[in-house]
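A.B. asks: I have a structure here, written as structure tokens, and I will follow up with some questions on it.
The values are calculated or read from the model by the stated rules, or taken from the named source; none is laboratory data. Please read these numbers as outputs of a predicted model, since none were measured by experiment. FYI the Cβ positions are ideal-geometry reconstructions off the backbone, even for glycines, and counts take in every protein chain you see. These accessible areas exclude ligands, DNA and RNA; they are computed on the full protein's heavy atoms, side chains included. Shrake-Rupley method; radii C 1.70, N 1.55, O 1.52, S 1.80 Å.
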Amino acid sequence: MNPAEQKRAAAERAVGLVEGGMRLGLGTGSTASLFVEALGRRVASGLAVVAVPTSEATRAQAEALGIPLATLDEQPELDLTVDGADEIDPELNLIKGGGGALLREKLVAAASRKLVVIADATKRVDRLGRFPLPIEIVPFGLETTRRRVAAALDRLAPGGTLALRLGPSGTPFLTDGGHYILDARLSAIPSPAETGRALKAILGVVEHGLFIDLATRALIGAQDGVMDIARRTSPLSGERAS
Ligand code: 5RP
């Protein structure tokens, strides 16, 4: 299978995990949209679920397909979230946010008993950091926040660059929450959990794209099928493991 077929195969496999009555989180991006498409077909044939979308784009797609939607305030506890990823390491830690939806994606993932990641095989890495790490920041005080972020990354993942993400018209890309994104090109992140904690502690940073200990399972398309990888349970995260 080519990457596009792998994404579809992973999405189709994930939709098989959905049971009637579930409260779902719907991810964002091209792979997640294939899951939403497949879920829409099941809903059209009578499956009863309620879903919380992680972006306005996913909300519009799900609404058009007739998938019953709720806000995270209406459904603060979810059974299953299915989402894509930009990178997946062997511990199922992730980089997400290539599509700019990392904040809502993380809020929804953290509210879910299970987070199943769907992807094609190009997203598997031995070590996180080749994909630019998105860091969501408040627009006010951009330059001071950028300097603090750069200093933290110089210490934890030296040798990278930091760029303000721009939209198609050349103006700063705005997230659904009205924030900016700094993309950190790092090549490798030696200590993802420590880097995540350091970024989160910086004034002006809203969230970052490192998803540590959140994914419980990954369905990854390969040449000849879908790899099904469960996260190894760690003492700190056992309650979330599938
Ligand atoms: C959006 C995301 C996406 O899940 C990630 O960018 C993967 O996207 P795609 O499935 O299109 O490769 O984190 O914020």
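A.B. asks: So, in segment 98-142, how many residues would count as being assigned to a loop (DSSP other than H, G, I, E, B), in contact with a Phe, Trp or Tyr (Cβ under 9 Å, 6 or more places away or on another chain) and either in contact (Cβ under 8 Å) with a residue 40 or more places away in the chain or within 11 Å of the ligand (Cβ to nearest atom) (or both)?
C.D. replies: Of segment 98-142, the ones assigned to a loop (DSSP other than H, G, I, E, B) are 98-101, 111, 120, 125-132, 138-141.
Restricting the remaining residues to those that are in contact with a Phe, Trp or Tyr (Cβ under 9 Å, 6 or more places away or on another chain) gives 98, 100, 125, 138-139.
Now drop any that are not either in contact (Cβ under 8 Å) with a residue 40 or more places away in the chain or within 11 Å of the ligand (Cβ to nearest atom) (or both), which leaves 98, 100, 138-139.
The qualifying residues number 4.
A.B. asks: Checking E194 against (1) closer than 26 Å to A4 by Cβ; (2) open to solvent by 50 Å² or more (accessible area, probe 1.4 Å), which single condition isn't satisfied?
C.D. replies: (1)
A.B. asks: Still on this structure, I have one more. What number of residues within segment 68-91 satisfy the criterion of being assigned to a loop (DSSP other than H, G, I, E, B) and farther than 20 Å from R8 by Cα?
C.D. replies: Residues of segment 68-91 that are assigned to a loop (DSSP other than H, G, I, E, B), as a first pass: 68, 70-77, 84-86, 89-91.
Okay, now just the ones that are also farther than 20 Å from R8 by Cα, so 68, 70-77, 89-91.
Number satisfying all stated conditions: 12.
A.B. asks: Inspect segment 133-152 for any residue being at negative phi and at pLDDT below 95 and give the result as yes or no.
C.D. replies: The first filter runs over segment 133-152 and keeps only residues at negative phi, leaving 133-140, 142-152.
Applying the additional criterion that residues be at pLDDT below 95 yields none.
Within segment 133-152 (the criterion being at negative phi and at pLDDT below 95), the answer is no, since none of the residues qualifies.
A.B. asks: A further question follows. Would a scan of segment 202-219 turn up a residue that is at pLDDT 95 or above and open to solvent by 80 Å² or more (accessible area, probe 1.4 Å)?
C.D. replies: Step one: of segment 202-219, the residues at pLDDT 95 or above are 202-219.
Applying the additional criterion that residues be open to solvent by 80 Å² or more (accessible area, probe 1.4 Å) yields 203.
Checked against the condition, which is being at pLDDT 95 or above and open to solvent by 80 Å² or more (accessible area, probe 1.4 Å), segment 202-219 yields at least one hit.
A.B. asks: Is it true that some residue in segment 31-52 is among the β-branched types (V, I, T) and either open to solvent by 30 Å² or more (accessible area, probe 1.4 Å) or assigned by TED's automatic domain parsing to the domain that holds P190 (or both)? It would help to see each step written out before you state the result.
C.D. replies: First, pick out the residues of segment 31-52 that are among the β-branched types (V, I, T): 31, 36, 43, 49-50, 52.
With either open to solvent by 30 Å² or more (accessible area, probe 1.4 Å) or assigned by TED's automatic domain parsing to the domain that holds P190 (or both) added as a condition, the list becomes 50.
For segment 31-52, residues among the β-branched types (V, I, T) and either open to solvent by 30 Å² or more (accessible area, probe 1.4 Å) or assigned by TED's automatic domain parsing to the domain that holds P190 (or both): present.
A.B. asks: State which residue pairs qualify: first residue farther than 12 Å from K7 by Cβ and inside segment 216-227, second residue part of a loop (DSSP other than H, G, I, E, B) in any location, beta carbons under 7 Å apart, and separation of 6 or more residues or different chains.
C.D. replies: Qualifying pairs under 7 Å: T216/R231; T216/A241; T216/S242; R217/R231; R217/S242; A218/L92; Q223/M1.
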